[in-house]
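The values are calculated or read from the model by the stated rules, or taken from the named source; none is laboratory data. Here the structure is a predicted model, which is why all the values come from computation and not from measurement. Because the Cβ atoms are built from the backbone with ideal geometry, glycine has one as well, and the counts that use them run over all protein chains shown. These area figures cover heavy atoms from the full protein model, side chains too; ligands, DNA and RNA do not enter into them. Shrake-Rupley method; radii C 1.70, N 1.55, O 1.52, S 1.80 Å.
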Amino acid sequence: MSAIAVDSDLVLEARDLHLRFGNVEALKQVSIRVRPGEIHAIIGPNGAGKSSLLNCLSGFYRPQTGSVRFMGGDITRLAPNRRAAVGMGRTFQGIQTYPSMTARENILTGFHNCMRTGMLDALLYWGRVRREEEAFAAKAEEIIEFLELEELRHTVVGDLSYGLRKRVDLGRAIALDPKVLIMDEPMAGMNPEEKGDLARYILDIRDARGIPVVLVEHDMEVVMDISDTVTVIDFGRVIAVGTPAEVRRDPAVIAAYLGKE
Ligand SMILES: Nc1ncnc2c1ncn2[C@@H]1O[C@H](COP(=O)(O)OP(=O)(O)O)[C@@H](O)[C@H]1O
Ligand SMILES: [Mg+2]
């Protein structure tokens, strides 16, 4: 194997991931390199391995071989909650909000992972807990303003439209001040207006907070519009990496999409 240059500039990097489920080879030698401040889209036909790759990045799937580095450290063996604690924010496919809780309460659940105070500590040092809670309430308020949810902060999430619920979920994901935000098909099921709104918030998160975003997305117009880099996966392999313009004219990408969509 040839030596791979160490690129300390990368926020997140997976190398040579191989992931198998029984006979299914979901990922074969997959690598991805996420640079600071970039919006990095992962695209590919259904079943290509996109969600599997995100799950390897965030620790929900454990690849048989390969490594994942984050902020310069090897996190290949780190559990998902530990990855969240070191700065990986994540949203999942579909709805992950608690329907009977308000928008504000849902956003507050995002702080759970970073509560430094454990159960026993909580009993002994209730003062610190209170201080943490106050800090979280202030941060939740900041997020509510950032996502323009002021009017809805006390609305029960089950009463909100799909697009707004996804926006609350985004608020939950950025509560921890992540160093990277990983999103699986955030726009699936949204109408064009909701997609436009979410695209704007994703760009704002990157621009205002400097958080790089890794997202799987099917809507090619959105991908071409907001991404800096696109990694294309087909049958568990990376078949192209480049700018949106580069991958759009890549013959392997065109071939992968022809006859499938
Ligand atoms: N937890 C799992 N158990 C078994 N097979 C899985 C699991 N997750 C994904 N796969 C398989 O891995 C392949 C890639 O799936 P996935 O990563 O979900 O694709 P995509 O997100 O690109 O549609 C598929 O063949 C899928 O059935
Ligand atoms: Mg998927």
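Taking 98, 201, 61 and ordering them by how much accessible surface each has at a 1.4 Å probe, largest first, produces 98, 61, 201. Applying 1/(1 + (r/R0)^6) with r as the Cβ-Cβ distance of residue 133 and residue 200 and R0 = 41 angstrom yields a FRET efficiency of 0.85. Label-to-label distance for residue 254 and residue 193 is 3.8 nm, based on points extended 7 Å past Cα in the beta-carbon direction. Within region 170-212, whose backbone N sits under 12 Å from a point 7 Å along Cα→Cβ of residue 224? Nothing falls inside the zone, counting backbone N under 12 Å.
Look at the alpha carbon pairs under 8 Å that are at least 6 residues apart: their mean separation over the length of the chain gives a relative contact order of 28 percent. R0 = 35 Å: FRET efficiency of residue 153 with residue 86, Cβ-based, nearest 0.05? Efficiency for this residue pair is about 0.75.
Backbone N atoms of region 29-63 closer than 15 Å to the 7 Å Cα→Cβ label point of residue 96 belong to residues 51-61. Per residue, the convex hull spanned by the Cα atoms of the chain measures out at 150 cubic angstrom. In the structure shown, the pairs 28/195; 28/179; 28/50; 50/139 are assessed against 21 Å; a Cα-Cα span above that value is assigned to 28/195; 28/179; 50/139. Using the Cβ of residue 76 as centre and a radius below 13 Å, the other residues enclosed give a net charge of +3, where K and R count +1 and D and E count -1. One decimal place: the segment residue 71-residue 209 gains 48.0 nm when fully extended, by the rule 0.36 nm per residue minus the C-alpha distance. In this simple spin-label approximation, residue 15 and residue 109 carry label points 7 Å from Cα along the Cα→Cβ vector, and these lie 3.8 nm apart. Helices in the chain, meaning DSSP H runs of at least 4 residues, each add -39500 (n - 2.57). Divided by all residues, the mean residue ellipticity at 222 nm is -11000 deg cm²/dmol. If you add up the charges near residue 39, with Lys and Arg at +1 and Asp and Glu at -1, over every other residue whose beta carbon is less than 11 angstrom from its beta carbon, what do you get? Local net charge: -3.
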